[in-house]
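Presented below is the structure to which this report refers.
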Amino acid sequence: MPAPSARGARRARRGRACLYREATTETTPPTSDRSIDRVVTLRSYRAESERGRAGTMEAAPGAVRAERLLRGACVVMAATAALLLGFNEETKTVLFVRKTAVARDVQALWVLTVAAAAAAGYHFAQLIRCLYCSGAGTMAVAWTSFLLDKGCAYVVFASTAAALQACMVGLTGVEAMQWSKLCNIYTRFCEQAAAGMLCSLLAAVGMAVLSAFSARHLFRLYSPAGRRCPLQY
């Protein structure tokens, strides 16, 4: 009758051989303890990888909540900027001529109005998506969100900078080109335009942070936990 230690060793060897057959789907018995150990390690690594891959598809609740709040704030700021600039007008009499100043008179302000309205609509659509889908989604959805978030942030920031530069001419004038100041005449128009540009600048900052969220969701899909096991034998 074999000793208890030998019996336990045989039982452990038989269990590892079963794991080997399940992992390799082969009917031939293992050739050595080393190959069996490598297969057992491979199975455990694959199980860890599958759990990691499932975890990468779901974002943390805190990150999802922060993204929703930030997208909501961007929608509010961008929509406010578009409304302030789009409905901004003031009528004054200059040299016996009544003139109405509107955003279309300054091309940079009109471009900013259109860009802010488009950004507000896009982030509202993304906010609806976040309310019904908390994960990063497929690779195509993650790449699309990342590129659109980046593009929105760049366009809104660039149009805001251009509008600020154009409005500085109306605020200070250019004596070398005999351009007079306009903000001392159209005071309310300039103040409302300044409020709209401030809202668009805050929206651009929020969109830049949102692009970082999108990059995090995207590159989590490329994490090592979601890849196949690199072990070869």
Could you give the nm distance between label points at Leu83 and Thr187, where each point is 7 Å from its Cα heading toward the beta carbon? 2.6
Order 104-112, 61-69 from most to least packed using the mean count of other Cβ atoms within 10 Å. 104-112, 61-69
Which order do peptides 200-211, 159-170 fall in by mean Cβ count within 10 Å, highest first? 200-211, 159-170
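Each reported figure results from applying straightforward, stated rules to the coordinates on display, with no laboratory input. For clarity, every value in this text was computed on a predicted model and none was experimentally measured. When we count neighbours, we look across all protein chains shown, and the Cβ atoms used for this are built from the backbone with ideal geometry, even at glycine.
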